[in-house]
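Asks: Take a look at this one; I'll ask things after.
Nothing in this text is a laboratory measurement; each read-out follows from the coordinates by a stated rule. This structure is a prediction, so every number in the text was calculated from the model and none was measured. Quick reminder, even Gly has a Cβ in these numbers, built from the backbone with ideal geometry, and neighbours come from all protein chains shown.
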Amino acid sequence: MIKKLLMLISLLLVIAVGLAWAGYRMQQERMDRALPVEQMTPLHVENGTWFRQFANQLVANGLLDDAVWLRAEAYLNPGVTRIKAGEYEIEPGMTLRQLLGKVVAGETVSHSFTLVEGMTFRQLRERLLADDRLEHQLKEMDEQALLQALGSEYTAIEGLFLAETYQFQRGTTDLQLLQRAHEDLEQVLEQAWAQRKEELPYKTPYEVLIMASIIEKETAVPAERNQISGVFVRRLQRGMRLQTDPTVIYGMGERYRGNITRADLRRPTPWNTYTIDGLPPTPIALVGREAIAAAVTPEPGKALYFVAKGDGSHQFSNSLREHNNAVRRYQLQRRQDYRSTPQE
């Protein structure tokens, strides 16, 4: 009787082990089966999501037929429950095991946002608020609140962000992105200020930034940045006014309609370098690293003037007479395909 009982127990153990093994094999097969997606599919895991909620989310999204397979994996391997919030991409052919590995490792999708050289803060703010990948805080902030959030001692927001491409994850705020861009600008400006030559006509790093913004607006030709910097530096050193059109345009604000007149050149604004001496009070646009570098490394020479040639480049002149001749040639008799920026 005891022998028969032992045989029965052994048989039941064998059956139980067999069933457990079969269940394990089935569970592993489900973990290694490709998820039912035919194209790149986004998956957003909210902050504070528990593993059980994550499993149910996959079922609700049609990625799993039953959450039991994922919960079984958590029982066998508790480490997989340490999922991280964020946005993920499910590629065609990706298995449940691979997706789980991504979510545990926090391999979230990276987005990019480019701050474009020459853009004003008003234009940048509009682009940031229109980007639905970012969480928006700027909408409720005026200029002074933003300056305070940046920890900035400046009194104007214009030009305080480095023109660069920034990577970010969904859920990042527009303020966080601007804080990074401001910190990068401060670092680049500090390095440029430390490497400048003493004879340059700048009293503060902020003045370097102002000059860089004018250079940025004056040319899109990389090879000309240092030449234009040289012209403006020599004019400042000689006590000449900068007389640069982009500062006039900036001072006009919404009055600018694509053209400036003689009356605009004569109309005083804080930024009109035809009517003020020295640099304007603030930058007039966002700048990149190259414009800042050009501001502190002006090209030596004698040129004091330049005029747009119509192909995106400029003609540089040493004397007013040469400059007037260049103006007649390139401005008063404009070519049909005249443009102020280089052809792409």
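Asks: Can you tell me the dipole magnitude for segment 121-301 around its Cα centre, using point charges on the Cβ only (Lys, Arg +1; Asp, Glu -1), in Debye to the nearest 20?
Replies: Using only the charged Cβ atoms, the result is roughly 760 debye.
Asks: Nearest 20 debye, what's the magnitude of the dipole of the chain about its Cα centre given +1 on Lys and Arg Cβ and -1 on Asp and Glu Cβ?
Replies: Values: 41 positive and 43 negative charges, 112 e Å.
In total the dipole reaches around 540 debye.
Asks: Just one of (1) 1.01; (2) 0.97; (3) 1.26 is Rg/Rh (Cα atoms, Kirkwood Rh) as worked out from the coordinates here. Which one is it?
Replies: Of the labelled values, this structure produces (3).
Asks: Which chymotrypsin sites (Phe, Trp or Tyr not before Pro) in segment 40-138 sit in a loop by DSSP (not H, G, I, E or B) and have at most 15 other Cβ atoms within 10 Å of their own Cβ? Before the final figure, lay out each step's value.
Replies: Details: sites: TRP50, PHE51, PHE54, TRP69, TYR75, TYR88, PHE113, PHE121; in loops: TRP50.
Here the chymotrypsin sites (Phe, Trp or Tyr not before Pro) that fit, given the DSSP loop and packing criteria, are TRP50.
Asks: Rank these for me by crowding, ARG71, ARG255, ARG262, ARG235, going from fewest to most other beta carbons within 10 Å.
Replies: Working: ARG71 16, ARG255 11, ARG262 8, ARG235 20.
Sorted ascending by nearby Cβ count, the order is ARG262, ARG255, ARG71, ARG235.
Asks: Please report, in debye to the nearest 20, how large the charge dipole of segment 75-120 is about its Cα centre when each Lys and Arg carries +1 at its beta carbon and each Asp and Glu carries -1 there. Spell out each step's value before the answer.
Replies: Values: 4 positive and 5 negative charges, 70 e Å.
Roughly 340 debye, rounded to the nearest 20.
Asks: Can you put GLU117, GLU299 in order, fewest other beta carbons within 10 Å first?
Replies: Fewest to most other Cβ atoms nearby, the residues stand as GLU299, GLU117.
Asks: What nm distance separates the two modelled labels at GLN331 and GLN243, each placed 7 Å from Cα along Cα→Cβ?
Replies: For GLN331 paired with GLN243, the spin-label model returns 0.8 nm.
Asks: Which FRET efficiency, nearest 0.05, do ASP131 and SER319 yield, Cβ-Cβ r, R0 51 Å? List each step's numbers first, then the result.
Replies: Values: r = 49 Å, r/R0 = 0.96.
Efficiency for this residue pair is about 0.55.
Asks: May I ask for the angle, rounded to the nearest 10°, between helix 205-218 and the longest principal axis of the chain, with both axes built from Cα atoms and the value confined to 0 to 90°?
Replies: The two axes meet at around 80 degrees.
Asks: Have a look at ILE214, THR41, HIS136 and report the one farthest towards the positive end of the charge dipole of the chain, computed about the Cα centre with Cβ charges (Lys/Arg +1, Asp/Glu -1).
Replies: ILE214
Asks: Sticking with this one: Mind giving me the FRET efficiency for ALA149 and LEU76? R0 is 45 Å, r the Cβ-Cβ distance, nearest 0.05 is fine. Working shown, then result.
Replies: Numbers: r = 47 Å, r/R0 = 1.04.
The computed FRET efficiency comes out at 0.45.
Asks: Select from segment 77-178 those trypsin sites (Lys or Arg not before Pro) which occupy a DSSP coil region and have at most 15 other Cβ atoms within 10 Å, ordered by residue number. Don't jump to the answer; show the numbers that get you there.
Replies: On the way: sites: ARG82, LYS84, ARG97, LYS102, ARG122, ARG125, ARG127, ARG133, LYS139, ARG170; in loops: ARG82, LYS84, ARG133, ARG170.
Passing sites in segment 77-178 are ARG82, LYS84, ARG133.
Asks: Could you give the length gained on full extension between ASN47 and VAL221, defined as 0.36 nm per residue of separation minus the Cα-Cα distance, in nm?
Replies: Working: separation 174, 0.36 × 174 = 62.64 nm, distance 4.57 nm.
Contour length minus the Cα-Cα distance gives 58.1 nm.
Asks: With point charges of +1 on the Cβ of Lys and Arg and -1 on the Cβ of Asp and Glu, referenced to the Cα centre of the chain, which listed residue (VAL59, LEU189, GLY106) lies farthest in the positive direction of the dipole?
Replies: Ranked along the dipole, the leading option is LEU189.
Asks: Could you work out the helix-only [θ] at 222 nm for the chain, with each DSSP H run of four or more residues adding -39,500 (n - 2.57) and the total divided by the number of residues, to the nearest 500 deg cm²/dmol? Could you put the intermediate results ahead of the total?
Replies: Details: 13 runs with 154 residues, N = 344.
The helix contribution divided over the chain gives -14000 deg cm²/dmol.
Asks: Let me ask you something else. Remind me, relative contact order of segment 34-109 in percent, using alpha carbon pairs under 8 angstrom and six or more residues apart?
Replies: Working: 104 pairs, mean separation 33.2, N = 76.
Computed over segment 34-109, the figure is 44 percent.
Asks: Going by the alpha-carbon gyration tensor, a ≥ b ≥ c the square roots of its eigenvalues, is segment 44-100 rounded (a/c under 1.5) or, if a/c is not under 1.5, prolate (a/b greater than b/c) versus oblate?
Replies: Cα axes put segment 44-100 in the rounded bin.
Asks: Let me ask you something else. By its C-alpha gyration tensor, with a ≥ b ≥ c as the square roots of the eigenvalues, how is segment 162-295 shaped: rounded for a/c under 1.5, else prolate for a/b larger than b/c, else oblate? Please report the intermediate quantities before stating the final value.
Replies: Working: a/c = 2.13, a/b = 1.30, b/c = 1.63.
Judged from the Cα gyration tensor, segment 162-295 comes out oblate (a/c at least 1.5, b/c at or above a/b).
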